[in-house]
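These notes concern the structure reproduced below.
Derivation of every value follows stated rules applied to the coordinates shown; laboratory data play no part. Predicted, not measured: the structure shown is a model, and the values here were computed from it. Every residue, glycine among them, receives a Cβ derived from its backbone with ideal geometry; neighbour counts consider all protein chains shown.
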Amino acid sequence: MARTVERFKEPKIVRAKRGWFIALYFRWPETHPEKKGPYKKFEISAGLNRIHDLGRREREMQALLAELKKLLKGGFDPFFEDAEKSFVGEIEEKKERNSRNQVGGNRPAPGNSFRKPIYGHRQTLGNSAPHSRRLDAGRGHKAIP
């Protein structure tokens, strides 16, 4: 009778001195170049070691473990073997959508660009400096031409 090979071992919470994490052992893909041993160990902490209240940390870790188990049952693969094909397909769809939108002409006319106003600067034609030099003239100083 042929034995089925499990894709992963049951994830467990590890409460180590160096920090808490969920240990997930997932089977290496057959074609992976860095394959060392039958399983790759993933340590997932998700920043929960910043929580100092141990009761709250335990609750959050249990919730993370439950969510991880749900993802694994749904077919989650931490190596993202099929992700490249999926991303390439999504990029092609987006390019096609963008090219269809540009044909219709959603761009402004050549002389009518949308510019943000510049705040915090003087927008006068004569003097572009934030303070005029003539302000000192009335305080007993000579006016600077």
Nearest-20 debye value, region 1-102 charge dipole, Cβ charges on Lys, Arg, Asp, Glu
540
Give the Rg/Rh ratio for region 1-102, taking Rg as the radius of gyration of the Cα atoms and Rh as the Kirkwood radius, to two decimals.
1.12
Count neighbours as other Cβ atoms within 10 Å of each site's Cβ, and list the trypsin sites (Lys or Arg not before Pro) in region 49-90 that are DSSP loop with at most 13 such neighbours.
none
Once the piece of chain linking LYS70 and GLU34 is laid out straight, how much longer is it, given 0.36 nm per residue of separation minus the C-alpha distance between them?
10.2 nm
